[in-house]
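The values are calculated or read from the model by the stated rules, or taken from the named source; none is laboratory data. Every value quoted in this text rests on a predicted model; they were computed, and no experiment measured them. FYI the Cβ positions are ideal-geometry reconstructions off the backbone, even for glycines, and counts take in every protein chain you see. We work out accessible area using only protein heavy atoms, side chains counted, and drop any ligands, DNA or RNA first. Shrake-Rupley method; radii C 1.70, N 1.55, O 1.52, S 1.80 Å.
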Amino acid sequence: QVRLVESGGGLVQTGGSLRLSCAGSGSRFSTYAMGWSRQVPGKQRELVASITTGGHTTYDDSVKGRFTISRDNAKNLVYLQMNSLKPEDTAVYYCAVLEVGVSSWGQGTQVTVSS
């Protein structure tokens, strides 16, 4: 099991930016594909961005062109740069290991975008 610690959330106005960080534990962190997902109360968690060990990225259409996922394998960190934020981006954001058979957990970080 991989312990993850998300940070960087907060309150921002529409059009603003935030950068989320995810710190991971363990020596194998750099070998995992990673992702950022988000969840609002009453809805399922949705994956919004992912990155492979080699740096290939994918994005949900709802964030494409506005969010950028990146990683620093030397520091066991994954980032999510969020620009042009919209009220519908309001959610708790979680990072996760995207590898079959590897579980991960973190407390998430709240992002609130005011209109």
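Check cross-link reach from K43 to the lysines: straight Cα distance under 27 Å, and skip same-chain residues fewer than eight apart.
Hits, sequence-local ones excluded: K64, K86.
Going out from 0 in 5 Å bins, what whole percent of all Cα-Cα distances in the stretch 45-106 drops into each bin?
4, 15, 28, 27, 16, 8, 2, 0
Within the stretch 87-105, whose backbone N sits under 15 Å from a point 7 Å along Cα→Cβ of Q13?
Counting only backbone N, you get 87.
When the expected Rg is taken as 2.2 N^0.38 Å, what fraction or multiple of it is the alpha-carbon Rg of the stretch 1-48?
Details: Rg = 13.4 Å, N = 48, 2.2 N^0.38 = 9.6 Å.
In units of the 2.2 N^0.38 Å rule of thumb, it is 1.40.
Say the dipole of the stretch 1-108 comes from +1 at the beta carbon of Lys and Arg and -1 at that of Asp and Glu; which of L98, T52, S27 then lies farthest toward its positive end?
Going by the charge dipole, the pick is S27.
Based on the mean of other Cβ atoms within 10 Å per residue, sort peptides 4-15, 67-78 so the most packed one is first.
Working: 4-15: 14.9, 67-78: 16.9.
Result, highest mean first: 67-78, 4-15.
With Cβ to Cβ distances under 15 Å as the rule, what net charge do the other residues near R45 carry (K, R +1; D, E -1)? The partial results should precede the final answer.
Details: positive: R38, K43; negative: E6, E46, D60, D89.
Charge balance in the 15 Å sphere: -2.
For the stretch 30-74, just the Cα set please: Rg and Dmax, both in angstrom.
11.6, 37
With a Förster radius of 22 Å, plug the Cβ-Cβ distance of H56 and T31 into 1/(1 + (r/R0)^6) and report the FRET value to the nearest 0.05.
Numbers: r = 15 Å, r/R0 = 0.66.
Computed FRET efficiency for H56 and T31 comes out at 0.90.
Summarise the accessible area of the stretch 3-63 (1.4 Å probe, protein heavy atoms) by the percent that is carbon and sulfur. Before the final figure, lay out the partial values.
Working: 1610 of 3300 Å².
Carbon and sulfur: 49 percent of the exposed surface of the stretch 3-63.
Once fully extended, how much extra length lies between K43 and V5, figured as 0.36 nm per residue of separation less the alpha-carbon to alpha-carbon distance? Write down the numbers at each step before the final one.
Working: separation 38, 0.36 × 38 = 13.68 nm, distance 2.24 nm.
Full extension from K43 to V5 adds 11.4 nm.
With 5 Å bins from zero, work out the P(r) of the chain over every alpha carbon pair and list the percent per bin.
Histogram of Cα-Cα distances, whole percents per bin: 2, 13, 24, 26, 19, 10, 5, 1, 0.
At a probe size of 1.4 Å, how large is the accessible area of Y94, to the nearest 10 Å²?
Surface open to solvent at Y94 totals about 40 Å².
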